[in-house]
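Report on one structure; see the data block that follows.
The values are calculated or read from the model by the stated rules, or taken from the named source; none is laboratory data. Here the structure is a predicted model, which means the values were calculated and not measured. Don't worry about glycine lacking a Cβ; one is built from the backbone with ideal geometry, like all the others, and counts go over all protein chains shown. Side chains included, ligands, DNA and RNA excluded: accessible areas come from the protein's heavy atoms. Shrake-Rupley method; radii C 1.70, N 1.55, O 1.52, S 1.80 Å.
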Amino acid sequence: MEINKIIESGLMETYVMGIATEEEIQKVLSLKKDYPEFRDALEQLEFDMEVLAQNMAIQPPPGTLAKIEQEINEIQRQNQAIQPAKAYRYDDSEGQKTSQERYIEVEAESNQMRINKAWKWVFVAVFVLGKIFLATAIYFYLENRQAQEQIKELKIELKEKTR
């Protein structure tokens, strides 16, 4: 009876979905070891979740595997192309040539965005113009508000004079 309550409590679901706390995980593992019906129910739940996941899976577009393999092969070819360069050095004392292996690291792509110097000035000009337009908009807003207040005052004065 008690094991059925535990099975229906949702403990197994949290465990299978991977959101159980450490305490709940330990409890599930001990129940799995002690109660065969709990273990069977857990295995059935895991199987059902796997079937559900397979039915809801989205197939990748055709050719995706070929693209991935091509990228991996390209990376491997690039790594094989980098071979050690030998540098020769003459010892002054002995007059003999000794070789040292050196690697030349080349960065193929840069993650930094490069901006032409002319664009920097354009960005600065846009920024400054933006500030000027903002200040102008605020100025005209305040002037408009003041004019609206003056119109209200004049309307009130006019109403008082006509009475």
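For the reader, a short list of remarks on this structure follows.
- Here the peptides 28-40, 54-66 are ranked by packing, the mean other Cβ count within 10 Å, and the order with the highest first is 28-40, 54-66.
- Whole-Å distance, taken between Cα centres, linking the stretch 147-163 and the stretch 18-36: 80 Å
- Candidates G18, L42, I7 compared by Cα position along the dipole of the stretch 1-81: farthest toward the positive end lies G18, with charges placed on Cβ.
- Fraction of accessible area attributable to carbon and sulfur, the stretch 3-61 (%, probe 1.4 Å): 55 percent
- Accessible area, probe 1.4 Å, largest first, for residues R163, R145: R163, R145
- Charge dipole of the stretch 122-163 about the Cα centre (unit charges at C-beta), most positive-ward option of L154, F140, V122: L154
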